[in-house]
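Worksheet: one structure, shown below.
What follows is calculated from the coordinates using simple rules that are stated; it is not laboratory data. A quick note: this is a predicted structure, and the numbers were derived from the prediction, not measured. Every residue, glycine among them, receives a Cβ derived from its backbone with ideal geometry; neighbour counts consider all protein chains shown.
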Amino acid sequence: MDLLSEPQQNSDAPIISEAVKIWMTRLEAEGKSEVTRKAYQISMNFWMKANENRSVDQYMPEHDEMFLQFLSDKGMAINTVNKHCRHVSVFWKWAKKKGWIKQPPDFENVLSEYVEPDPYTMDEIYKILKYFGSVQDKIAFRATVMLCQTGMRSSECIGIRLKDINLNEGWINIRHAKGRKRNIKKPISDTLHSFLLNDVRSEHEKYYLDNGKGKPRWSASNAMAHFFRKVWNDLGVQRRQPVHGFRSFVATFALKGGASIYDVKNLLGHSTTKQTEGYANEGILLPDTQSMINKTISKSISIPEFDS
């Protein structure tokens with residue numbers, strides 16, 4: 001990315017927050033939903049926190065790097081970083097059309113640094129599980145087991161209720177998945193099935209990651225990421241995206257085990273195979289996702305006993 005030494009001055013340009021208000025009105029007039037507008041607003045709020053609420057015409061490519069560093073420091077997963085970058089790109093392209101800047105951000109080259117898979121190894125996951133067992137943190141232990149056996153997103157894991165888990169039929173119902181998808185069934189591996197079957201619960205618990213009072217332990221993905229990042233630092237396990245490392249682990253080991261990119265795409269909930277190609281390896285087509293996880297992920301790691 002070529003860096004400009006001077007801002008793109010325009011005396012008519014408003015400050016970013018005022019420009020965003022105008023943009024939001026335009027998006028509403030174009031029929032964009034309230035959910036979409038709110039998502040764009042959040043991304044622009046992050047931009048202003050990273051780069052200050054300066055005049056729009058003071059944009060410089062250096063601000064792209066500062067924005068990416070800000071998102072990375074918050075422990076966001078790769079897909080979340082990409083989402084926020086797409087949102088702010090839409091704003092800056094609109095600002096160019098308004099004549100406030102000459103050249104909008106181009107995140108293509110910068111994002112290549114963030115899409116490299118960074119999976120945990122089997123030894124690291126076993127070490128993590130043993131640690132949570134030793135400190136009697138059953139909820140974090142459960143989270144690790146679920147994430148390393150399903151590849152689901154942290155937001156999906158947080159929202160699982162006990163009644164969403166169907167051991168008889170071998171699936172977990174994800175009520176709210178990415179992309180406004182609802183009631184997506186995630187297959188349960190043999191290893192995960194065995195763990196869930198023997199996981200004792202109290203009558204007060206409603207969620208898989210219940211805090212003991214009928215509520216999830218973590219209220220949002222960033223809260224879970226913050227917790228895991230602190231633990232990882234204590235254990236000497238370094239990852240750019242601490243929770244996403246489990247998702248990378250599942251994708252990488254499934255593909256190495258012979259799963260097709262289409263099976264892994266369906267398991268991870270990617271909208272296209274393009275998103276899955278970063279983990280790709282030569283593979284053969286397996287008959288279904290349930291079979292795939294039992295032949296690959298379920299055998300990738302054994303779950304140690306929780307020290308009680």
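To one decimal place, what orientation-averaged projected area in nm² is obtained for the convex hull of the Cα set of region 16-111?
Working: hull surface 23.3 nm².
Mean shadow area of the hull around the Cα atoms is 5.8 nm².
Beyond a 29 Å Cα-Cα separation, which of these cross-linked pairs lie in this structure: Lys83/Lys185; Lys49/Lys163; Lys163/Lys265; Lys97/Lys181? Present the calculation step by step, with values, prior to reporting the outcome.
Numbers: Lys83/Lys185 24 Å; Lys49/Lys163 40 Å; Lys163/Lys265 26 Å; Lys97/Lys181 33 Å.
Violating the 29 Å limit, Cα to Cα: Lys49/Lys163; Lys97/Lys181.
Please work out the Cα center distance from region 180-231 to region 248-263, rounded to the nearest Å.
So the two Cα centres are separated by 23 Å.
Mind listing the long-range amide H neighbours of Ile15? Cut-off is under 5 Å, sequence gap 5 or more, other chains count too, H placed in the peptide plane at 1.01 Å from N.
Under 5 Å from the amide H of Ile15: Val56.
Loop only per DSSP, at most 15 neighbouring Cβ atoms within 10 Å: give me the chymotrypsin sites (Phe, Trp or Tyr not before Pro) in region 134-236, ordered by residue number.
Numbers: sites: Phe141, Trp171, Phe195, Tyr207, Tyr208, Trp218, Phe227, Phe228, Trp232; in loops: Tyr208, Trp218.
Answer in residue order: no site qualifies.
Identify, among Phe46, Ile78, Gly99, the residue whose Cα sits farthest towards the positive end of the charge dipole of region 16-111, taking +1 on the Cβ of Lys and Arg and -1 on the Cβ of Asp and Glu, with the dipole about the Cα centre.
It is Gly99, whose Cα lies furthest towards the positive end.
Show me, for region 251-264, the HN-Hα J-couplings you get by feeding each phi into the Karplus relation (A = 6.51, B = -1.76, C = 1.60, θ = phi - 60°), rounded to Hz, glycine and proline as x.
Listing the rounded values in order: 4, 5, 6, 5, 5, 5, x, x, 6, 7, 5, 6, 5, 5 Hz.
Using +1 on the beta carbon of Lys and Arg, -1 on that of Asp and Glu, and nothing else charged, what's the dipole of region 11-108 about the Cα centre, debye to 20? Don't jump to the answer; show the numbers that get you there.
Numbers: 15 positive and 13 negative charges, 73 e Å.
It works out to roughly 340 debye.
Please go through region 164-250 and write out the GluC sites (Glu not before Pro) that DSSP classes as loop and that have at most 12 other C-beta atoms within 10 Å. Can you show the working numbers first?
On the way: sites: Glu169, Glu203, Glu205; in loops: Glu169, Glu203, Glu205.
The qualifying sites are Glu169, Glu203.
Using amide H atoms built 1.01 Å from N in the peptide plane, name the residues 5+ places from Lys185, or on other chains, whose amide H lies under 5 Å from its own.
Ile174
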